[in-house]
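For reference, the structure is listed below as structure tokens.
The values are calculated or read from the model by the stated rules, or taken from the named source; none is laboratory data. Quantities reported herein were computed from a predicted structural model and do not represent experimental measurements. In this analysis, Cβ positions are derived from the backbone assuming ideal geometry, glycine residues included, and neighbour counts consider all displayed protein chains. Surface accessibility is based on the protein's heavy atoms, side chains included, excluding ligands, DNA and RNA. Shrake-Rupley method; radii C 1.70, N 1.55, O 1.52, S 1.80 Å.
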Amino acid sequence: MSLLFYIFSGVMLVFGLLVVVNRNPVSSALSLVVSFMGLAALFITLNAYFIGVIQILVYTGAVMVLFLFIIMLLDIKSEQCRKLNYVAMGGGVMIVLAFVAQLTMILAGYAPGKQRLVELPGDAAVHQDVKRVGEALFTHFNFHLQLLGVLLLIATIGVVVLSRRQGEGN
Amino acid sequence: MLPYYLEICVVVLGSLMLCMELFAGRRSRAKIAMVGVAGLGVIFALLMFAVCSPGEDLQYWGIYHFDKWAAFYKGLALISTLLVLVMAREFAPVFKHYTSQDEEKSGIGEFYCLPIFVCSGLMWMASAKDLVTIFVSLELVTMGFYVLVAFMRRNVGSLEAGVKYLILGALSTGFLVYGIAWTFGVSGTFNLEELSVVLAGDDIPSAPVMFAFALLIAGIGFKIAVVPFQIWVPDVYQGAAMPVTAYLSVASKAAGFIVFLRVVDPFLAAPSIREPAIYLMVFVTCATLIYGNLAAIAQKNIKRLLAYSSIAHAGFLLMALPALGAAGTIAGPGPESAISFYLAGYLLMTLLCFLVLTVVRVATNGEDLTALEGLGKRSPFLAFAMLVGVASLAGIPLTVGFFGKFFLFNIAIQNAMQNGLWIVVFLAVLGAATGFYYYFKIIRAMYWEGSVSEGEVTGLKVGRLAMLAIILLVVAVFFFGIFPAPLLGLTL
């Protein structure tokens, strides 16, 4: 398990760095996708299956598609040609270093942080989270789920109508 | 009949109209709006059969509640949707101008369907007594309005209004969800009745509860347009199509207020935070009264003027809130009754004004005060209807607006005698006086300004259904202005 932890953390950090370093915004966005996937894998190794899956569905799926759409609307060329501003970069590095130093100092002095977390009680907590969320959603909150169906219908009508080809004439 | 069938009927009606739009021939497609109007009328009649005995609270699955408030606000939602459909039919020429001349491409069929689905959301809001249902149904309504506001897609103003409403609406949703999360974190429940039990306890920390309360007020305050969450109102009201503006200002506000009342109630009843919560409410009330009334004075565009007046009316409605949780100490109708009566009256007079304005807008292609000039000569009937609506908005005796303001002032004054917050009453009197000025600007434009040559007199055509609606609304404004008891009886 700890080997997996290092692999996925490494993937996250490397691609997180690539997000900043890449000159092409599309490559940056795609690096962010991989970084998010590493995060999702970390959640799954912690037995948090639901959060892991949602991380992939919502962040790597929906949010990143939104990002890519916005990038498509921007002018990529001008982004690529922009000169590096060394003063701003130096300032950024300073802030990061200061933050890391502060964090390590505080965490080093925090006694409960050295204790191990309490183990979850055996098998009951494992593999159950998706099932529980699903059960709650389809039994207790079933009414709300039906309302969301109507909401999606409205959204569908809206998308169809607003994106329809514009008619001729004035 | 089981009350929750009502919303199902509404959704089925909407789906039916969508299918009609898709499959029916060209001629029967023109009748979609009529099908909607008739269907809503039938559902309103069904609502009468679903009415429960007073004081009863029917519960289904612990989620859906049906009490007298739910029934009352469901009725308001149905009637306003019905009248908005009538208005939308009148508005169709302008609408086609900004979408497409071709009936099929203009999407006008969908324009008639969407308010129906929004109506189902409004009705669910009226039945919601827990934060999850409130959130989901509120989002359902808001999503419908995002589409409706931006519907005239060849009109820059409409698109701008759509984007502004989308962004600020999403922001307010964020506030609301955050507030719900804090409420759940403090109390461990979504249910408002359980919440009031939990908040009544002594060991509740007041700071997080206040934080949750403020966030909830911010979230719902956006929907009912109270200061400082009113920034979107003027632009969106001005940019949206006339029927959508009317729908926003009446139905969205009424449903928002019932939710507001239900959410605020447990917080105001909690002894630990009652006092700061009331001061917060008073601050919001005063700001809304000042801003709405003073900003309306300078407006030249009628829709903008009515937007600020809508903010001002929210201020008047908020006056009654500090009396919540102090029931029994107020003589006359309680705060909930007064607010409900006012909202019903507000529905009648606002929709009356917007119906007349829709006809004028279609005929003159203008939305400024100048478009109304000479209306008294061009169409004495429409001018009289507008006069009645505006007079009622100002609160002149013999109109329903007078009794609405009367009941609210009654509560505000008794409140002030108890807690000494006379500033609210003072500002409200000032606001009502200012109201007279800016509403009379409309009347002056209609009767004293502009000269009309004989040739223009035939410019205004009113559809038969719209004519009937205008007549009924004028009669209702007068009737409930002289005999408020039948309407008030529904809210007691």
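Values for this structure:
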{"quantity": "Vicinal HN-Hα couplings computed from phi for the stretch B:129-135 (Karplus, 6.51 cos²θ - 1.76 cosθ + 1.60; Hz; Gly/Pro x)", "calculated": "10, 9, 5, 5, 4, 4, 5"}
{"quantity": "Most mobile listed residue (A:Phe69, A:Phe36, A:Phe15) in chain A, GNM with C-alpha springs under 10 Å", "calculated": "A:Phe69"}
{"quantity": "Among the listed pairs B:Lys96/B:Lys461; B:Lys31/B:Lys164; B:Lys303/B:Lys405; B:Lys129/B:Lys303; B:Lys164/B:Lys300; B:Lys68/B:Lys405, those beyond 26 Å (Cα-Cα)", "calculated": "B:Lys31/B:Lys164; B:Lys129/B:Lys303"}
{"quantity": "Spin-label model distance (nm) - B:Met48 vs B:Phe478, 7 Å beyond Cα toward Cβ", "calculated": "2.3 nm"}
{"quantity": "Cubic angstrom per residue, convex hull over Cα atoms of chain B", "calculated": "131 Å³"}
{"quantity": "Positive-end extreme of charge dipole, the stretch B:302-492 - chosen from B:Gly431, B:Ile411, B:Ile470 (charges on Cβ)", "calculated": "B:Ile470"}
{"quantity": "Note, ³J(HN,Hα) from phi for the stretch B:75-86, Karplus 6.51, -1.76, 1.60, rounded to Hz, x at Gly and Pro", "calculated": "x, 4, 4, 5, 5, 5, 4, 4, 5, 5, 5, 4"}
{"quantity": "Estimated distance in nm for a label pair at B:Ala170 and B:Tyr60, the labels positioned 7 Å out from Cα along Cα-to-Cβ", "calculated": "3.4 nm"}
{"quantity": "Built amide H within the under 5 Å cut-off of B:Tyr64, gap 5+", "calculated": "none"}
{"quantity": "Label-point separation in nm, B:Phe384 to A:Val133, each point 7 Å along Cα→Cβ", "calculated": "6.4 nm"}
{"quantity": "P(r) histogram, all alpha-carbon pairs of the stretch B:228-378 included - 5 Å bins from 0, percent", "calculated": "2, 9, 17, 19, 18, 13, 9, 6, 4, 2, 1, 0, 0"}
{"quantity": "Alpha-carbon spread of the stretch B:171-255, three principal axes, descending order, Å", "calculated": "50, 21, 16"}
{"quantity": "In Å, descending, principal axis extents of the Cα set of chain A", "calculated": "72, 56, 26"}
{"quantity": "Cα Rg, Dmax, the stretch B:32-150, angstrom units", "calculated": "16.2, 52"}
{"quantity": "Alpha carbon convex hull of the stretch B:298-347, projected area averaged over orientations, nm²", "calculated": "4.1 nm²"}
{"quantity": "Gyration tensor verdict on the stretch B:400-492 (Cα atoms; rounded if a/c is under 1.5, prolate if a/b is larger than b/c, oblate otherwise)", "calculated": "oblate"}
{"quantity": "Centroid-to-centroid separation of the stretch B:4-68 and the stretch B:156-224 [C-alpha atoms, Å]", "calculated": "29 Å"}
{"quantity": "Taking the stretch B:302-492 and dividing mean pair separation by its residue count, relative contact order in percent (alpha carbons under 8 Å, at least six apart)", "calculated": "33 percent"}
{"quantity": "Within chain B, helix-based [θ] at 222 nm, where runs of 4 or more DSSP H residues each add -39,500 (n - 2.57), nearest 500", "calculated": "-25000 deg cm²/dmol"}
{"quantity": "Rounded to whole Å, sorted largest first: equivalent-ellipsoid semi-axes of the stretch A:1-54, Cα gyration tensor", "calculated": "23, 13, 5"}
{"quantity": "More than 24 angstrom apart: percent of Cα pairs within the stretch B:89-182", "calculated": "32 percent"}
{"quantity": "Order of exposure, largest accessible area first, which applies to B:Trp69, B:Trp61 with probe 1.4 Å", "calculated": "B:Trp61, B:Trp69"}
{"quantity": "Calculated on alpha-carbon atoms, Rg and Dmax of the stretch B:302-492 in Å", "calculated": "18.0, 61"}
{"quantity": "Table column - 3J(HN,Hα) (Hz), the stretch A:133-147, Karplus curve with 6.51, -1.76, 1.60, x for Gly and Pro", "calculated": "4, x, 4, 4, 5, 9, 10, 5, 9, 4, 4, 5, 4, 5, 4"}
{"quantity": "Binned Cα-Cα distance frequencies in the protein assembly as shown - 10 Å width, integer %", "calculated": "3, 14, 23, 24, 18, 12, 6, 2, 0, 0"}
